[in-house]
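Here is the structure we will look at.
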Amino acid sequence: MRPRHELRPEQHSHYTGLLILLFDCRENSAMTALHPQYVVDENQTPQAVILPVAEWEQVVEDLEELDDIRAFDLAKAGPQETIPFEQAVREIEEGSSE
């Protein structure tokens, strides 16, 4: 995994613990370049990050996808109960008629 935004060495001490790096978890995918602007206080301590709307929407989409992947992984890690396909269809149809 590669971080989407690299910090320059001189920035590390200023941003440690304040910046969450987003990692691209998909193999060979095109990553969106992020162009953050930092809001700092009078001591030059970062307080917020501003992103263009399109970049923010991509971040949200990526986080939602990551959440789906984690939910899938969690479901697969648990005990697996199998039922016949016909039974699954019947249960789905019965549930949708309620």
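The values are calculated or read from the model by the stated rules, or taken from the named source; none is laboratory data. Computed from a prediction, not measured in an experiment: that's the story for all the values here. Note that each Cβ is placed from the backbone with ideal geometry, even for glycine, and that neighbours are counted across all protein chains shown.
Surrounded by 10 or more Cβ atoms within 10 Å (Cβ to Cβ), more than 13 Å from the chain's Cα centre (by Cα) and either modelled with pLDDT of 50 or more or of a type in the set (Asp, Glu) (or both) - does that describe any residue in segment 59-72?
yes
Mind counting the residues in segment 42-58 that are over 26 Å from Thr32 (Cβ atoms) and surrounded by 10 or more Cβ atoms within 10 Å (Cβ to Cβ)? Let's see the steps before the verdict.
Start the filter on segment 42-58 by keeping residues that are over 26 Å from Thr32 (Cβ atoms), which leaves 42-45.
Now narrow it down to the ones that are surrounded by 10 or more Cβ atoms within 10 Å (Cβ to Cβ): 45.
Looking only at that region, the number is 1.
With respect to His35, is the statement that it is surrounded by 10 or more Cβ atoms within 10 Å (Cβ to Cβ), at pLDDT below 90 and out of contact with any Asp or Glu (no Cβ under 6 Å at 6 or more places or on another chain) true?
On the way: surrounded by 10 or more Cβ atoms within 10 Å (Cβ to Cβ): yes; at pLDDT below 90: no; out of contact with any Asp or Glu (no Cβ under 6 Å at 6 or more places or on another chain): yes.
No; evaluated as a whole, the condition is false for this residue.
Out of all the residues in segment 17-30, is one or more in contact with a Cys (Cβ under 8 Å, 6 or more places away or on another chain) and modelled with pLDDT under 95?
Step one: filter segment 17-30 for residues in contact with a Cys (Cβ under 8 Å, 6 or more places away or on another chain), giving none.
No, segment 17-30 has no match at all.
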